[in-house]
1. Which of the residues belonging to the stretch 298-320 are open to solvent by 50 Å² or more (accessible area, probe 1.4 Å) and more than 12 Å from the chain's Cα centre (by Cα)?
2. Please find, among Leu168, Leu164, the residue that is modelled with pLDDT of 95 or more, surrounded by 20 or more Cβ atoms within 10 Å (Cβ to Cβ) and more than 15 Å from Asn292 (Cα to Cα).
3. What are the residues in the stretch 388-401 that are more than 11 Å from Thr256 (Cα to Cα) and either open to solvent by 10 Å² or more (accessible area, probe 1.4 Å) or out of contact with any Gly (no Cβ under 8 Å at 6 or more places or on another chain) (or both), if any?
4. For the stretch 236-286, give me each residue that is open to solvent by 20 Å² or more (accessible area, probe 1.4 Å), part of a loop (DSSP other than H, G, I, E, B), closer than 19 Å to Gly390 by Cα and touching a Lys or Arg at 6+ places or on another chain (Cβ under 9 Å).
5. Considering only residues that are farther than 14 Å from Pro128 by Cβ and in a loop (DSSP other than H, G, I, E, B), look in the stretch 536-555 and name the one that is least open to solvent (accessible area, probe 1.4 Å).
6. Quick check, is Thr341 open to solvent by less than 30 Å² (accessible area, probe 1.4 Å), modelled with pLDDT under 95, among the β-branched types (Val, Ile, Thr) and closer than 30 Å to Pro215 by Cβ?
7. Just to confirm my filter: which strands (runs of 3 or more DSSP E) fall fully inside the stretch 145-234 and include at least 2 residues that are among the acidic types (Asp, Glu)?
8. Mind counting the residues in the stretch 477-535 that are over 18 Å from Ser563 (Cα atoms), open to solvent by less than 20 Å² (accessible area, probe 1.4 Å), small (Gly, Ala, Ser) and in a strand (DSSP E or B)?
Amino acid sequence: MEKTQTSRLIIVLALAIAFVAAGALSLDAAGTGKLPRSTFPGLRSLDTVERMEMPGIDTDALLAEDARTARSDEPFRPRFASPIAVELSPDGEGTWETLGDGSRLWRLRITSPGALSLNLALDEFELPHGASLWIHDPDGAQVRGPYTASSRNADGGLWTAVVLGDELVAELHLPAGADARLNIASVNHGYRSFGNTEEGASLKRGTCNVNVVCPEGDPWRDEIRSVAKISILGIYECTGQMLNNTAQDETPYFLTAWHCIQGPSEAPSLVAYWNYETATCEEFSGGSLAQNQSGSTWVSSSALTGGSDFTLVELDALPDSSYEVYYSGWDARDIIPDSTTAIHHPSGDQKSISLDSDPPTITSYGQDSSPGTGTHLRIGSWDVAVTEGGSSGGCLFDDATGRCVGTLSGGFAACIEDPPLGPNEPDWYGRMYHHWTGRGTAGTRLSDWLDPLDSGVLVLDGKDATISDESVVWLIPAAASVTGSAGSNWKTQVSVVNSGTMAQNVSWYYVADGDVWPGTLLTGPWGVRPNEALYLDDVLLPEKPASGLLYATSTGPDTVAFSRTYNLA
């Protein structure tokens with residue numbers, strides 16, 4: 001196969017030489033790696049980079065507040081970090097250096113003594129094409145990014161993924177002559193473990209919980225891949241999952257609890273961490289937070305008071321195909337399953353599974369009598385494992401069908417007896433049946449979004465994301481953003497049209513004249529929905545003066561790239 005791909009590449013490059021007019025050719029090729037610029041040699045030592053130290057926080061006071069919250073009868077989203085308000089930007093802080101190719105690198109070290117983790121909230125994030133922001137620990141073992149122009153959320157900002165430890169490095173790489181606008185508005189100091197600390201294992205969750213990699217998870221391998229740990233506002237943690245819709249077009253609809261994401265203003269802060277799991281059944285540590293993505297847009301919700309406690313958002317981008325995310329099915333009928341399974345992140349830790357062999361009952365939230373308001377399914381007690389704070393928003397699955405029938409609001413289940421908590425105490429799940437109709441409007445129900453075809457169906461099975469065995473590549477052999485002779489001024493416009501029924505991820509790469517394949521990532525990935533197009537004007541402007549070869553990678557075959565290179569003069 002490698003020999004065949006190489007031969008095809010040589011043939012296409014030969015054709016590129018012959019066809020120097022603007023156009024696009026298709027070939028298969030491997031993707032390119034992505035690393036921060038600081039991983040390459042020739043930079044100033046990190047010791048010379050400006051270091052900002054945050055003021056201390058009162059951890060004891062925060063933990064006392066958390067203890068009071070946990071003992072309330074109301075659902076809660078566990079807090080793992082405390083925000084420290086700042087105003088940090090490349091205009092005033094950090095260290096700049098100009099590199100040999102004319103590009104510029106800005107770095108800033110941020111430390112908060114005693115922190116178990118750090119993450120950043122940017123209220124301004126505007127990058128030119130070709131620029132990238134990375135967040136990493138000083139050793140480069142934990143790398144988050146690249147955050148590019150397409151990472152900017154609906155509020156014009158960015159929320160970064162967590163870096164474990166008490167110091168991180170923010171790193172911005174700009175093409176020659178380009179400028180960016182970004183401002184760090186909050187450094188979120190983790191005072192509870194968000195994952196494994198540098199010192200060792202996190203043991204927040206109770207030891208009666210069961211890892212999804214254990215045999216109990218074997219019937220649920222697909223649904224497990226739909227579930228993610230999430231952070232909200234950089235300080236809270238919950239559980240959520242991807243759901244299929246009747247168009248089966250892989251729109252990235254993500255379901256959690258309303259008390260986890262409490263309205264449109266909080267949705268852009270969502271960061272999803274996929275496949276955060278232990279490597280073995282017996283471990284209570286391990287797992288990676290590296291498979292993450294930032295940003296979402298609120299779609300609909302129903303608050304717990306008078307409702308069923310759900311929030312549906314649309315993620316700002318499709319999950320990377322390498323995450324192998326699954327779109328779970330659902331059942332919005334007025335039914336009671338014979339037995340159920342929950343998949344969740346107890347206390348925000350590695351993904352776990354809980355089993356109940358008895359039928360739930362229909363009640364109000366927090367009540368035992370049936371049917372009450374009928375908004376919730378009550379689990380009397382779990383037969384295997386439990387849930388905890390951080391499990392909120394996770395689906396309850398019908399064992400018979402594998403479909404989601406509810407989302408966790410809260411309860412008293414726990415591994416240890418600590419009244420009112422205990423291993424034989426109940427949990428309550430907001431019913432998909434009530435999520436479906438909500439309060440009668442598109443913004444308070446699921447039916448408009450999970451049944452965009454208006455088919456009237458109340459059940460739908462899950463599906464895998466469409467993943468091409470090989471990335472589709474569209475080659476543009478002659479591209480430019482350069483001032484030429486006789487006053488000429490050349491630029492290249494590009495677009496990618498998705499004519500298929502599934503959303504695709506698209507990235508653009510640039511190979512300068514005299515450079516070698518595979519070149520460098522120019523911009524992306526961009527999520528392109530079915531029957532929509534990505535358009536970039538003067539795509540090489542951040543590299544100007546620039547001329548050479550462009551190519552676009554797409555995760556699916558139903559995409560077509562177009563280009564136009566012309567003289568503006």
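1. Taking the stretch 298-320 as the starting set, the residues that turn out to be open to solvent by 50 Å² or more (accessible area, probe 1.4 Å) are 298, 305-306, 316, 320.
Within the stretch 298-320, Trp298, Thr305, Gly306 qualify.
2. Just one listed residue meets the conditions, Leu168.
3. Glu388, Gly389, Phe397, Asp398, Asp399, Ala400, Thr401
4. Gln262, Asn275, Glu277, Phe284
5. Among them, the one singled out is Thr555.
6. Details: open to solvent by less than 30 Å² (accessible area, probe 1.4 Å): yes; modelled with pLDDT under 95: no; among the β-branched types (Val, Ile, Thr): yes; closer than 30 Å to Pro215 by Cβ: yes.
Here the answer is no, as Thr341 does not meet what is asked.
7. Values: elements: 167-174, 181-190, 227-232.
Per the criteria, 167-174.
8. 0
The values are calculated or read from the model by the stated rules, or taken from the named source; none is laboratory data. Fair warning: this is a prediction, and the values are worked out from it, not measured in the lab. Don't worry about glycine lacking a Cβ; one is built from the backbone with ideal geometry, like all the others, and counts go over all protein chains shown. For the accessible areas, the whole protein counts, side chains as well, though only heavy atoms, and no ligand, DNA or RNA atoms are used. Shrake-Rupley method; radii C 1.70, N 1.55, O 1.52, S 1.80 Å.
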